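Trainee: Following this message is one structure expressed as structure tokens.
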């Protein structure tokens, strides 16, 4: 969850960390923002100009090595990232903010420990708590700072997460529209997604999920 402490981002001034990035979903630009306090590098993928009459289509995506890179079916992260990029391509403009907040903010090693507990029957929230972490340790202040650096203050946010919407509004990014992103649902992540709905209030139609069991 977010706090009131300020965060600081830094961009290289000598040779900018800003380049074209051709992808299967179009020709994006990749721009790296360095977070001073954590020493982590976060990414903004943009397509088109960020100035227009309509709110910018935005996905704030937290790093998931297992889902994004390895195609894990335990979560819906990989399909959500790909779907967001595809939707931005179809719209002709938009932004993906990719945050280095693996495992809902607890890091890769702790996430895999949580997976071990889940293999033994613990749900995704209780697994984090049993390891001494919050159910969701993510902090969206850095995302808000990145969006402001891109002159984005009003967004159509691709998310199922009501906490993300609330945090962004509180941080000065107006969420004009929340667009659910329900993709990648399957037998291996039904319980995970059901827990997110029942215990975290995510905007996912449980009946449509249960139909896939």
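Coordinate-derived values only; no laboratory data. All values reported here derive from a predicted model rather than from experimental measurement. Heads up, the Cβs are rebuilt from the backbone with ideal geometry, glycines too, and the neighbour counts pull from every protein chain shown.
Trainee: Say R0 is 45 Å: what FRET efficiency, to the nearest 0.05, do residue 51 and residue 191 get from their beta-carbon distance?
Mentor: Computed FRET efficiency for residue 51 and residue 191 comes out at 0.60.
Trainee: Follow-up question, since we're still on this one. Using 0.36 nm per residue of separation minus the Cα-Cα distance, give me the extension gain between residue 18 and residue 82 in nm, one decimal.
Mentor: Roughly 20.9 nm would be gained on extension.
Trainee: Take the Cα atoms of region 106-213, find their three principal axes, and give me the spread along each one in whole Å, biggest first.
Mentor: On the principal axes, region 106-213 reaches 45, 33, 19 Å in Cα extent.
Trainee: Taking each pair of different alpha-carbon atoms in the chain once, compute 1/r for the pair, average those values, and report the inverse of that mean as the Kirkwood hydrodynamic radius in Å to one decimal.
Mentor: 17.8 Å
Trainee: While we're looking at this one, here's another question. Between residue 91 and residue 177, what length in nm is gained on full extension when 0.36 nm per residue of separation is reduced by their alpha carbon distance?
Mentor: Fully extending the segment from residue 91 to residue 177 adds 29.5 nm.
Trainee: Which of 73, 21 has the fewest other C-beta atoms within 10 Å, and how do the rest follow up to the most?
Mentor: Final ranking by Cβ density, sparse to dense: 21, 73.
Trainee: Also, I was wondering about something else. How long is the gain from residue 112 to residue 34 if the chain were fully straight, where each residue apart is worth 0.36 nm and the alpha carbon distance is subtracted?
Mentor: 25.5 nm
Trainee: Indicate the gyration tensor shape class of region 51-118 (rounded, prolate or oblate), computed on the Cα atoms with a ≥ b ≥ c the square roots of the eigenvalues: a/c under 1.5 is rounded; otherwise a/b larger than b/c is prolate and the rest oblate.
Mentor: In terms of gyration-tensor shape, prolate.
Trainee: Rank by packing, highest mean first: peptides 183-190, 44-51, 122-129, with packing defined as the count of other Cβ atoms within 10 Å averaged across residues.
Mentor: 122-129, 44-51, 183-190
Trainee: Highest first, please rank the peptides 197-205, 105-113 by the mean number of other Cβ atoms sitting within 10 Å of their residues.
Mentor: Listed from highest to lowest mean packing, they are 105-113, 197-205.
Trainee: Also, I was wondering about something else. Compute the separation of the alpha-carbon centres of region 88-104 and region 134-213 and state it in Å as a whole number.
Mentor: 12 Å
Trainee: Which FRET efficiency value, to the nearest 0.05, do you get for residue 27 and residue 163 by plugging their Cβ-Cβ distance into 1/(1 + (r/R0)^6) with R0 = 25 Å?
Mentor: Result of the calculation: an efficiency of 0.15.
Trainee: Now a separate question. Taking neighbour Cβ counts within 10 Å as the exposure measure, how do 196, 39 sort from fewest upward?
Mentor: Exposure proxy ranking, most exposed first: 39, 196.
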